[in-house]
Amino acid sequence: MTVSALRPSAISPTVDFSVDGVQHGFLRLPYSRDDSAWGSVMIPVTVIKNGEGPTALLTGGNHGDEYEGPIALFDLARTLTAEDVAGRVIIIPAMNYPAFVSATRTSPIDRGNMNRSFPGKPDGTVTEKIADYFQRELLPLADIVMDFHSGGKTLDFLPFCAAHILPDKRQEARSFELVDAFCAPYSMKMLEIDAVGMYDTAAEDMGKIFITTELGGGGTATAKSAGIAKQGVSNVLRKAGILKGPSTASVTRTQWLDMPDGNCFSFAEDAGLIEPLVDMGESVVTGQAVARIHPIGKTGAVPKDVCTKRDGILCARHFPGLVKPGDCVAVVAVTI
Ligand SMILES: [Zn+2]
């Protein structure tokens, strides 16, 4: 353990996580700056507790431009009563609050990407201090951890709930059970291309049951994607025994998908104007062109195709109309 890991967190909660009832408050993080010498970042938090039982830690806004999670969680925090709950629900609708307020993926204060900042640092940047608080104070309280994501401004996804392949097969099975219970139109056995520093990994390494989502993208939400988020979180709390009543998973089926290896991803090698050749959810075969990149510097230049490296269905795509070398253009998943 490093010396810095022994320092107390910079964050003070204005709620008491051990008290029964509904509390709305803040995680207050001192942040001295030009417009507020002794100012703070105030991250909204709700804790709803009723007696003994499991704890669910629910987060959105890990990336600031993804909206289904914040919509579902601000809604849940406002409507859930202590009588509804057996156990405890901790709701943080916008985990990287500075990023959420500025509608950007990363924090405008330090450019910190929350999902690459774990385990964080108590004496680090604002984003690292938030990560440290989750790592050392909130994750240990939780039995199940659910972190909402979507594609943000640069990606779009088929709506799915997901968990990862884990070394502990019992932990993995319980995570996939909760994904199934969320009952999004699609459920994913998810492969990460850049897992270092992720909140997911921090929770899983602590032995927690961790699930996440990708529910759309483009820097907005739709009526359908927001509805999936709201229904899904309530299904998960029911499956965990924290909420009463049947989940819609008993009447609706989800389509399971797998991302077996890095061949699921296709990246741009050129810059230009992107023309989709396949829409989301459509079947593709290995070597098929899923998008075409038109050079925009001059007329008469030949466009470059971006091709798939495996059979499957298109489950994610680059969202903006212009693309740069290295951008993820398409993700293909396999139906199982
Ligand atoms: Zn995200």
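The values are calculated or read from the model by the stated rules, or taken from the named source; none is laboratory data. Since the model is a prediction, treat every value here as computed from it, not as a measurement. Glycine also receives a Cβ, built like all others from the backbone with ideal geometry; neighbour counts cover every protein chain displayed. These area figures cover heavy atoms from the full protein model, side chains too; ligands, DNA and RNA do not enter into them. Shrake-Rupley method; radii C 1.70, N 1.55, O 1.52, S 1.80 Å.
Structure summary
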quantity: Å³ per residue enclosed by the Cα convex hull of the range 82-134; calculated: 96 Å³
quantity: Among ASN50, ALA203, VAL278 - extreme Cα towards positive end, dipole of the chain, charges at beta-carbon; calculated: ASN50
quantity: Projected area averaged over orientations for the range 142-229, convex hull of C-alpha atoms, nm²; calculated: 5.7 nm²
quantity: Base-10 log of normalised Debye intensity for the chain (one unit scatterer per alpha-carbon) at q = 0.11 Å⁻¹; calculated: -0.72
quantity: Rg followed by Dmax, in Å, when the range 265-324 is reduced to its Cα trace; calculated: 11.6, 35
quantity: Accessible area per residue, Å², the chain with all protein chains present, probe 1.4 Å; calculated: 43 Å²
quantity: Radius of gyration, Dmax [the range 40-83; alpha carbons; angstrom]; calculated: 12.1, 35
quantity: Kyte-Doolittle mean at least -0.5 and Cα axial length at least 15 Å: DSSP H helices in the chain; calculated: 68-79, 223-239
quantity: The range 217-330: mean projected area of Cα convex hull, nm²; calculated: 9.3 nm²
quantity: Overall Cα dimensions of the range 62-181 - principal axes, largest extent first, Å; calculated: 37, 33, 33
quantity: Set LYS49/LYS244; LYS153/LYS230; LYS153/LYS324; LYS169/LYS189; LYS304/LYS324; LYS169/LYS208 screened for pairs whose C-alpha atoms are more than 18 Å apart; calculated: LYS153/LYS230
quantity: The range 132-190, relative contact order [Cα under 8 Å, separation at least 6], %; calculated: 33 percent
quantity: Label-point separation in nm, ASP261 to ALA103, each point 7 Å along Cα→Cβ; calculated: 4.2 nm
quantity: Mean separation of Cα contacts under 8 Å (6+ apart) over length of the chain, as relative contact order %; calculated: 15 percent
quantity: Rule-of-thumb Rg ratio for the range 18-105 [Cα; 2.2 N^0.38 Å; N residues]; calculated: 1.19
quantity: Summed side-chain charge close to PRO295 - residues other than PRO295 whose Cβ falls under 9 Å, Lys, Arg +1, Asp, Glu -1; calculated: +1
